[in-house]
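Structure record follows, encoded as structure tokens.
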């Protein structure tokens, strides 16, 4: 299924087939870190309005159905999962932005149930991988198998070749298994015996980990953490929510219904890429990321000694892509600075490398992000510049 027709702003080069910058008409941007910049490294042609590859989609034909469809999927997950509204919203952001999602929380807070429910709602093939210390890469990506009948080797693909892959307890597998998963997440392909096999589209990895375990766990390497668009901290429900869980799940737990199929997920992702991003909003996202690398220059000297390394450019791409997805999910055709601000902790916290002092003092990376967000001023975007039809972000 090809994506919906796209209409670019004046000055955006098109190839005549509804595809910007010479991209084949049937080719979609499936990953949140896909080329938001030109081959030369600069922003795409922004036109007069100062947008980043807005790729505006006909609002009457695409936008309202896309928002409504995404909202239906969101509510279907919420019908099963009680008291984790933020978790559900963020997982849907990952789906729309084409990124992967890391869920971290203590046992029993519905991490695995939420991932399984989302997989059922978005449709497509589903696979669950239970990571254990004795796992080997072949258990994840597949291996070559000798067939005596034909006296030849065949490739047996692993369970990772699915649209939605749930990786349970990802930090329990050794480094070689995590490296095998990293290639799939980063390149969206599997290499076995000199052959390359692309994963199905769309492709989404939902991984869970338990932060309180210390025995038999392996810390995720920085390169793999950077491949997750979002890291979501899953907390305890309130007493009222827990009582609702008891009533809802104690007799006959509700079963999720499929709302989307793979073609509709692709269409929603294409719609998300067309959400308007003002130049000032994009600059705000870049300033937040740059502040993690040079806190003093951005007015946050109190966190300078707490960071060994900050977030890289992939974090800026992630903030913009996730902001577009969040705006679409909330029924808007434009990204507000508040969207970027709301997502900053989930996009940036797991990418930071704390200093020894921060580790010794037990400083939470999200506290560092909160200080940066408080110090970096958000832009005030005029209504006519957002294309919001009279709406404006009031957070200056």
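Every number here is computed from the coordinates shown, using simple stated rules; none is lab data. Because the structure is predicted, anything quoted here is derived from the model rather than measured. Cβ: placed from backbone, ideal geometry, glycine included. Neighbour counts: every protein chain shown.
Inter-label distance, residue 309 to residue 136: 3.1 nm, where each label sits 7 Å from its Cα along the C-beta direction.
Placing dummy labels 7 Å off each Cα toward the beta-carbon, the span from residue 251 to residue 359 is 5.2 nm.
With a ≥ b ≥ c taken as the square roots of the eigenvalues of the C-alpha gyration tensor of the range 65-263, please select rounded if a/c is under 1.5 and otherwise prolate if a/b is larger than b/c or oblate if it is not? Verdict is prolate for the range 65-263.
Spin-label pair residue 222-residue 261: with each label point 7 Å from Cα along the Cα-Cβ axis, the two points sit 4.5 nm from one another.
Under the definition of Cα pairs under 8 Å and six or more residues apart, what whole-number percent is the relative contact order of the range 71-174?
Across the range 71-174, relative contact order equals 26 percent.
Extension gain, residue 293-residue 155: 0.36 nm per intervening residue step, less the Cα-Cα distance, totals 45.3 nm. Using a cutoff of 8 angstrom between alpha carbon atoms and counting only pairs six or more residues apart, the relative contact order for the range 65-263 works out to 34 percent. If you take the Cα centroid of the range 335-360 and the Cα centroid of the range 119-163, the two points sit 34 Å apart. Taking the Kirkwood radius as the inverse of the mean 1/r across Cα pairs, report the Rg/Rh of the range 274-386. That ratio is 1.00, to two decimals. Annotation: extensible slack from residue 236 through residue 367 equals 45.2 nm (criterion: 0.36 nm per residue apart, minus Cα-Cα distance). Fully extending the segment from residue 195 to residue 85, taken as 0.36 nm per residue of separation minus the present Cα-Cα distance, adds 35.4 nm.
Taking a ≥ b ≥ c as the square roots of the eigenvalues of the Cα gyration tensor, an a/c ratio of 1.5 or more together with a/b no larger than b/c marks the range 154-261 as oblate.
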